[in-house]
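*Asks:* Please find one structure pasted underneath; my questions will follow.
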Amino acid sequence: MGNPDSYLFEGDQAVFYVIVSDEPPSDAYTGSLNLVDEATGNTIQTIHLLPMYAPEAANLNVPRDVAPHPFMFAAVDIDSQYTGRTVALQSTIQLPTGEVSTATLPSAFIVQ
């Protein structure tokens with residue numbers, strides 16, 4: 001992800017992980033992931049991030065570099081609305097303290 005050779009295809013399901021912090025996981029974390037068309041700056045889709053202990057996480061193959069850390073994730077079905085686009089990822093996490101943390105991965109992938 002994040003380089004010009006990162007391709008996904010219509011019909012794929014991608015799982016995106018956001019490392020929250022190295023503090024103990026908390027159900028007070030909330031977050032969203034925006035998938036943005038880089039050419040226009042328009043948001044294609046916004047997905048709520050799920051905590052690592054959500055039942056949906058049971059079937060994930062969590063990458064080794066993510067697994068030791070508390071994380072949130074989103075499973076995204078790559079459908080026709082993504083075809084032909086270069087997509088950036090923008091995450092927003094609301095921390096238990098009320099602080100907001102944001103991160104962007106430009107040119108995360110291209111959909112063919």
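The values are calculated or read from the model by the stated rules, or taken from the named source; none is laboratory data. Note that the coordinates shown come from a computational prediction; the quantities given were computed from them, not determined experimentally. Cβ coordinates were reconstructed from backbone atoms using ideal geometry, including for glycine residues, and neighbour counts include every protein chain displayed.
*Asks:* So, in region 44-59, how many residues would count as being crowded, with 16+ Cβ neighbours inside 10 Å and assigned to a loop (DSSP other than H, G, I, E, B)?
*Replies:* 2
*Asks:* Within region 38-51, which residues are among the hydrophobic types (A, V, I, L, M, F, W, C) and either in contact (Cβ under 8 Å) with a residue 40 or more places away in the chain or in contact with a Pro (Cβ under 6 Å, 6 or more places away or on another chain) (or both)?
*Replies:* Correct list: ALA39, ILE44, LEU49.
*Asks:* Taking VAL15, is it in a strand (DSSP E or B), of a type in the set (A, V, I, L, M, F, W, C) and touching a strand residue (DSSP E or B) at 6+ places or on another chain (Cβ under 8 Å)?
*Replies:* Taking the combined requirement at face value, the residue satisfies it.
*Asks:* While we're on this one: What pairs come up if the first residue lies in region 86-111 and is touching a residue at least 24 places away in the same chain (Cβ under 8 Å) and under 17 Å from ILE47 (Cα atoms), the second is among the acidic types (Asp, Glu) and surrounded by fewer than 16 Cβ atoms within 10 Å (Cβ to Cβ), and their beta carbons are under 6 Å apart, counting only those six or more places apart or on different chains?
*Replies:* Hits for this filter: ALA88/GLU38.
*Asks:* Take region 32-66 and flag every residue that is among the hydroxyl-bearing types (Ser, Thr, Tyr), in contact with a strand residue (DSSP E or B) (Cβ under 9 Å, 6 or more places away or on another chain) and at pLDDT below 95.
*Replies:* Passing the criteria: none in range.
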